Each structure stands twice: as structure tokens, then as C-alpha cells.
């Protein structure tokens, strides 16, 4: 392996801003309804829904961890679900990238393990530099990238 120290891939701030921007019309609508009708239960519910939805999305994004260790790749989702992929069991990996700009978004890891022959690792919320570093690991045995 090129680096013997464990490396945890960093989460990008871009999805957080994107979802905040996408939910801002709902927040504006709730604010307008609040000004027009006052603090009614239906209006308060409408005002809280975007914030709760954003909190759930942020929790899902921030709970993802991908750590590359000398002999394995460890993933964690929702702070609880752990998976360990031994580098020795990887037969080949398909890296799916965005066409423009070129950015890895998903890694389909094919293994010799009969229980999990294909393991998908999402790289969408990972910082661009870390996703590119992960996709370039020689241990993944990537043949070619596929544009999505």
C-alpha cells in the first residue's frame, strides 16, 4: 500500500450547501405563511418540516466514514453499520465518474467473497481530492472508469 497510516476520507461540504439551498423555498414558504396567519399549529408544523428534513439528511451524510487501512477498507454508515473489505479479496473495481467535471462518485468493488461478490461504496459526499485519491489506489485493481 502506498501509505501505511490509516486515512479517513473527508466529507465534502458541498452536499450540505446543496440540500440547504434545495430546502430554502420551503423555509421561505413557511415564513410567509407564519407572517400571514400567525403561530397556528399547521403553520408551525410547515415551518419545522424543512429543518427536520435537513437534520436527517445532514446526519446521514455526516455519518458516512470510509477509512483506508494497510490491509483493508472500513466503511461506516449511520454511525453503526460497519463493513470491512480486505484488500486481498478484491478481484477488480469499477469506478463510476461524472462526465463533467471528472469526479469519482461510486466504486463497485468485486471480491472473491461469496456473500458479498459486489460491494458498492458511494463517493458522492466525499471531498473531491479524497475521492480521487481513493479511486487511484492500486490495491483496488481498477481497469477503467465508467462515466455516468
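Rule-based calculations on the coordinates, nothing more; no lab input. Here the structure is a predicted model, which means the values were calculated and not measured. With ideal geometry, Cβ positions are generated from the backbone for all residues, glycine too; neighbour counts draw on all protein chains shown.
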**segment 87-147, relative contact order [Cα under 8 Å, separation at least 6], %** = 42 percent
**Fill in**
Placing each pseudo-label 7 Å from Cα in the direction of the beta carbon, residue 45 and residue 78 end up separated by a distance in nanometres of 2.5 nm
**Asked** For the chain, modelled as a GNM with alpha-carbon contacts under 10 angstrom, which of 115, 94, 129 fluctuates the most?
**Response** 115
**Complete:** Restricted to segment 87-147, the DSSP antiparallel beta bridge percent, nearest 5, is 75 percent
**Request:** Measure off 7 Å from each Cα along the Cα-to-Cβ vector at residue 61 and residue 37, then give the distance between these two points in nanometres to one decimal.
**Result:** 3.0 nm
**Request:** Could you quote the convex hull projected area for the chain, Cα atoms only and averaged over all directions, in nm²?
**Result:** 11.0 nm²
**Asked** When the chain is treated as a GNM, springs tying every alpha-carbon pair under 10 Å, which of 24, 114, 88 comes out with the largest mean-square fluctuation?
**Response** 114
**Prompt:** Can you pull the percent of Cα pairs in segment 87-147 with separation above 17 Å?
**Reply:** 34 percent
**Among 33, 13, 106, residue whose mean-square fluctuation peaks in a GNM of the chain (springs only between Cα atoms under 10 Å)** = 33
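Run lengths n ≥ 4 of DSSP H only: what is the helix-derived mean residue ellipticity at 222 nm for the chain, with -39500 (n - 2.57) per run over all residues, to the nearest 500?
Values: 3 runs with 54 residues, N = 148.
Theoretical 222 nm ellipticity from helices: -12500 deg cm²/dmol.
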